[in-house]
1. Quick one: if you stick a label point 7 Å off each Cα along the C-beta vector at S325 and R8, how many nm between them?
2. Each residue of the range 267-283 in turn: what ³J(HN,Hα) in whole Hz from Karplus with 6.51, -1.76, 1.60 and θ = phi - 60°, glycine and Pro shown as x?
3. Amide H to amide H under 5 Å from R29: which residues, 5+ apart in sequence or cross-chain, H placed 1.01 Å off N in plane?
4. With respect to the cross-link table entries K254/K284; K42/K91; K91/K284; K248/K288; K60/K114; K174/K284, which display a Cα-Cα separation exceeding 26 Å?
5. Please compute the modelled spin-label separation between V265 and S103, points set 7 Å along Cα→Cβ, answer in nm with one decimal.
6. For the chain, take N as its residue count and report Rg(C-alpha) divided by 2.2 N^0.38 Å.
7. Compute the FRET efficiency between R57 and K166 as 1/(1 + (r/R0)^6), taking r as their Cβ-Cβ distance and R0 = 51 Å, and round to the nearest 0.05.
8. Normalising by the residue count of the range 224-320, find the relative contact order in percent from Cα pairs under 8 Å and 6+ residues apart.
Amino acid sequence: MENATVARGLADVVVGTSNITFIDGKGGRLIYRGFDIRDLAKFSTFEETCYLLWYGRLPKASELEQLQAKLVSRRELPSGLETLLEAIPPKTPPMEVLRTGVSALSSFDPEDLKRPESSIGGALRLTAILPTVIAAYHRLRQGGRPLAPRADLGHAANLLYMLLGKEPSAEDAKALDVALILHADHEFNASTFSARVTASTLSDLYSAVTSAIGTLKGPLHGGANEEVMRMVHEIGSVEDAEAYVTQKIARHEKIMGFGHRVYKVDDPRATILREYARRLAQEKGDPKTYVVLREIEEVVHHEKGLYPNVDLYSGACYESLGIPSDLFTPVFAVSRVSGWTAHVLEQYADNRIIRPASEYTGPVDCRYVPIDQR
Ligand code: ACO
């Protein structure tokens, strides 16, 4: 294309309309279908938030009950998929397993779940089963057997139960539930955009979610929360935080958990998770990680003027809940699958294939030279 303006990383390019999520990057607000996440975190549940994202409104009590029952009935792992998980080498990073698991699930699930017009069924199935896939792999790699999902537990509590083998306290289940609400959607972020691109070719929902998982995995997106905790453990004590961070900045290295394409103030999700990280640290009697994170936050803001994003405190919350660090990003996916599927439904409802252009900077008019003359 001639005379085109190149927007590296598609920054500030509006590629479509959506009525799912609004981000006010200057005001530090995140809105799902008109509802502020601060209210949803206080009053809602992850299941209700799923309903909101998929149907565009809050459910009545009976509608929520039906949705919860549908999610519960779709949690079971097909035995063939469990056999496949058993065959995966136990050192495989869980995000790779999740990507493979969702892709393989497509062969075990009924064909009609894959048709664009029945995607709400696929959305329920994928949202219901992601926790089971992660927990089953985690237990298998530890040499144990997967635990069957518990129908009497909500989405967040059941995930903790299947992972850790004991029913969580109400406080722990609430903390994870809030984290799931906060991660559920975020407009045209990289993984959601991947899902929409795949759906825009009229490929199926399972393929769209597989694309999204592959995109979420990277350290510049969902993988940042694991990197944050690696940094915290490398720093070790609050006294060493300032020197560590200033040296990293001097080497022009990125500090994970900071900066955002859209937010230019505190990410509202980080504000809520900071408070949960503090509370959980206090409850568990282990404030070290929280204190180091606060110090890092202060130094990075002072040195670079950067604000924390959602990933700065999510890892600390998950660690306090007993979730191993390589499962932080999969837990992100457990939540974000609700948003990915809402976006795929929206894409199907008014589709045009997403196919941007590039500016060609290579040579033209090269003369083909036969191989024996090069
Ligand atoms: N540490 C140090 N410097 C930073 C950071 C950071 N975390 N984030 C941005 N900057 C600096 C950049 O070096 C750049 O400076 P320069 O203009 O002097 O070169 C400037 O701020 C703009 O940053 P970009 O990377 O160009 O911003 P972009 O919008 O492309 O990237 C991103 C946003 C990927 C989130 C970036 O801030 C980053 O890499 N952060 C660390 C990774 C992270 O925490 N990712 C999670 C994001 S939230 C999520 O996906 C759920």
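1. Result for the modelled spin labels: 3.0 nm.
2. Here the 3J(HN,Hα) series is 5, x, 5, 5, 4, 6, 5, 4, 5, 5, 4, 5, 4, 5, 4, 5, 4 Hz.
3. D24
4. K254/K284; K42/K91; K91/K284; K60/K114
5. 4.2
6. Details: Rg = 21.6 Å, N = 374, 2.2 N^0.38 = 20.9 Å.
The value comes to 1.03.
7. 0.90
8. 45
Where a number appears in this text, it was derived from the coordinates with a stated rule and is not lab data. Since the structure is predicted, the reported quantities are computational estimates derived from the model, not experimental observations. As a convention, Cβ positions derive from the backbone with ideal geometry for all residues, glycine included, and neighbour counts pool all protein chains shown.
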